[in-house]
1. Classify the stretch 17-62: rounded, prolate or oblate, from the alpha-carbon gyration tensor (a ≥ b ≥ c, eigenvalue square roots; a/c under 1.5 rounded; otherwise prolate if a/b is larger than b/c)?
2. Give the long-range amide H neighbours of residue 18: residues separated by 5 or more places, or on another chain, with amide H under 5 Å away, using H modelled in the peptide plane at 1.01 Å from N.
3. Using a simple spin-label model with points 7 Å from Cα along the Cα→Cβ vector, what separation in nm is obtained for residue 32 and residue 64?
4. Tally Lys and Arg at +1 and Asp and Glu at -1 over the other residues with C-beta under 14 Å from the C-beta of residue 22: what net charge comes out?
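Just so it is clear, none of the values below were taken in a lab; they were calculated from the coordinates. Small disclaimer: the values here were computed from a predicted structure and weren't measured. Here the Cβ is made from the backbone with ideal geometry for all residues, glycine too, and neighbour counts use every protein chain on show.
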Amino acid sequence: MERAIPLHSGGNNNNLGKEFLSIKEVAQRLNLHEMTIYRLIKSKDLPAFKVGGQWRIRRQILDSWLTSHANTPQE
């Protein structure tokens, strides 16, 4: 029997406890436009996957991505 992966922990409604984030939630968290997030996904810079036609980003992967890009010099 397979175990279901919880989509969030606890009863709160914020995105801090959610395992998977939507484009809108990622954009809000990074203070970027949603189109910027779509571009990062399209360029394969930000790992994401589709569920039912909607993009999802694993929170842990986003946190790792932010850490790895935090000290990247800009050209």
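1. Values: a/c = 1.40, a/b = 1.08, b/c = 1.30.
Rounded, because the longest to shortest axis ratio a/c is under 1.5.
2. Placed amide hydrogens put 9 under 5 Å from residue 18.
3. 1.8 nm
4. Working: positive: 18, 24, 29, 50, 56, 58, 59; negative: 19, 25, 34.
Computed value for this residue: +4.
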